[in-house]
Every structure is written in C-alpha cells, then in structure tokens.
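The structure appears below as structure tokens.
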Amino acid sequence: MENGFLLINKEQGKTSFETLFPIKKYFNTNRVGHAGTLDKFASGILVGLVGKYTKLSSYFTSLDKEYVAEFRFGLETDTLDPNGRIVSKTDYIPNVEDIDLKLKDFVGEIYQSPPRFSSVHIDGSRAYKLALNGKFFEIKKRRVTVYNIQRLSYDFSSSLLSLKISCSKGTYIRSIARDLAYSLNSCAYVSNLKRTKVGMFRLKDSTLCENLSKASLISLESLKSFEKVYIDFNKINLVKNGAYFKIEININEFKILKSREEKILAVIQGVGLNKYKYVIIF
C-alpha cells in the first residue's frame, strides 16, 4: 500500500472531503485524509494524506498558514462567505486610511470568535449544524496569532479589499473580515479566499487532482523539520514492536527513527520531556 502526503490545489466549489475522491480512486484506497480543512468557497493548498500518513494529520494541521483574501464591505452574510444569506447591509464603506489604521490591531496575538457556521464543537455538536437549525449558542473566543497582514489592493468603488494574511493554526479569516468591518462601523464578508502556504509548503508546488501521479506522493524525507534518530540493527525489531528507548525529545516535537541503511522505521511524537509515543510504525 502507498504511504505519503500530497500537496493538492483545491478548487473552489468543492468541500475538502470531496477533493479526496480522486485521490482515493487513484491510489485505490479509502485510507486517505486531509489536514486543515478549506471551506467550500475557498481554494488553494490542501495537504492530502495517504495510508499510514493519515496519522500525521495533527502535525500538518498545527502548521502556520498564509492566505490571500478578498473582503467585501457593505454586506454581511450569515456564513461570512459568498454562499450565505445576507443578514446585514450598510451604505458606509470605510476609506483606505481608516482600514490601514485598524488592520494594525489584528496583528499579533488576538482573541477571536470563530464564525457561527464553522466546524467548532459546541457541547458535542458542530457549530454550523446548530446554526442551520436556528439554535442559539455562544462560541468562546480563542487566542490565535496573526504574524502579518499586507494590504494588496483596495477598490473603494467596488468596496473590495485584498489582503495577504499569515497566521497560526485555528485562525478564521472570516472572523477577521467580520471584526475588522465592525471596528470600522461597517460590515463585511469574505468574497474570495485562497490558501497560499501551509508551513514550508507553497501553493505553486501543489497539483490539481486531475494531474495526480505516483510522483505527487511525498515522503517524510522532505520534512526537514523532523530530526532523524538512527537505530542500531539489533534494535530494529524492538522498534517494530513499539519498544521505548532513551531519546531526547520535547513535547509535541516529531522525530523519525531510521535504520543505519536509511530506512524509515517509525515516527514518534514527544508527549513530555524525553517521553514520546509512536505515531507511525512502518
């Protein structure tokens, strides 16, 4: 069975889950997943996981992201995207000077409420399901980090603001659009969203699902951030049986265990100081 990860260029109009169908068909397996969901209206880089690599989902999800987003002022939808129902309108469109001033407040460590239409868990249910059923609920604010926001363009006549945003995992661009507009006494939604980076991986290195090939599958060797630990020949079977050794590792750090012949044996993740768990055993 094939094992690896893929950089997929997700198209607009498909859910992240639907994007996996051609991958399942091509590699002839249902053991396919993705890390870091992209909304249906959004496009850009999506990490696909095949075989045993599905167990690395938490690693890829934890990576920083970069987006190019388009905010439309003057309207707000219930989903904060183009597929929603208009719930608010205003004739007040902010000027570029005020926007630039307020954008500074959204850089750094910020607290934001995820959109009501999101996959956040509320008492065991997804928020979007509660929202669809018209239920009242509150979403707690969460702390995220926005590293940089760059204004690419602003067309006052069409009230469209284009931004490049680099941020930590868990950041909702739709929430930034909503909160930025509120701070300017206006309203807005995200009219277009493209994810351009996940960690060190860039959109330009991704592939459309119709162009899949065996070469699309990437191995752990490319993850320069994973330190390698070499295991002596007489201990290889112990690794395969999930035995533990004295290995220096920090919490949430990932390391690759390899044989002296450069064969990947396992992936481990730190769960405490010099304590680890096996994520994958090959």
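Solvent exposure of segment 223-281 amounts to 61 Å² per residue of accessible area, where only protein heavy atoms count and the probe is 1.4 Å. In this entry, segment 65-187 is assigned a mean projected area of 7.4 nm², taken as a quarter of its C-alpha convex hull surface. Between Lys246 and Leu132, the FRET efficiency from the beta-carbon distance, with R0 = 45 Å, is close to 0.30. When the C-alpha to C-alpha distance is required to be over 26 Å, the pairs from Lys169/Lys277; Lys235/Lys277; Lys65/Lys275; Lys14/Lys65; Lys55/Lys224; Lys40/Lys169 that qualify are Lys65/Lys275. Taking the longest Cα principal axis of the chain as reference, the axis of helix 173-183 is set at about 30 degrees.
Scaled against the 2.2 N^0.38 Å expected of a compact globular protein of N residues, the Cα radius of gyration of the chain reads 1.14. Alpha-carbon geometry of segment 222-282: the Rg and the Dmax are 10.6, 29 Å, given in that order.
With a 1.4 Å probe and every protein chain kept in, tell me what percent of the accessible surface of the chain is carbon plus sulfur. Carbon and sulfur: 48 percent of the exposed surface of the chain. Relative to a virtual label point 7 Å from the Cα of Asn30 in the Cα→beta-carbon direction, which members of segment 40-76 show backbone nitrogen distances below 15 Å? 51, by backbone N distance to the label point.
Fully extending the segment from Ser119 to Leu160, taken as 0.36 nm per residue of separation minus the present Cα-Cα distance, adds 12.1 nm.
If R0 is taken as 22 Å, the Cβ-Cβ distance between Glu262 and Ser225 corresponds to a FRET efficiency of 0.75. For the pair segment 123-175 and segment 1-69, the centres of their Cα atoms are 21 angstrom apart.
Suppose all protein chains stay in the model; what accessible area per residue would a 1.4 Å probe give for segment 37-88, in Å²? Spell out each step's value before the answer.
Numbers: 1820 Å² over 52 residues.
In whole numbers, segment 37-88 has 35 Å² accessible per residue.
Can you tell me how segment 106-260 classifies by the Cα gyration tensor, rounded, prolate or oblate, using a/c under 1.5 as the rounded cut? Taking the square roots of the gyration eigenvalues as a ≥ b ≥ c, segment 106-260 is prolate.
From its DSSP helices (H runs of at least four residues, each -39,500 (n - 2.57)), the chain gives a residue-normalised ellipticity at 222 nm of -4000 deg cm²/dmol. This model, with +1 at the C-beta of Lys and Arg and -1 at the C-beta of Asp and Glu, gives segment 65-187 a dipole about its Cα centre of some 600 debye.
The values are calculated or read from the model by the stated rules, or taken from the named source; none is laboratory data. Small disclaimer: the values here were computed from a predicted structure and weren't measured. A quick note on method: Cβ atoms are made from the backbone with ideal geometry, for glycine too, and the neighbour counts reach across all protein chains shown. Surface areas here come from the heavy atoms of the whole protein model, side chains and all, with no ligands, DNA or RNA. Shrake-Rupley method; radii C 1.70, N 1.55, O 1.52, S 1.80 Å.
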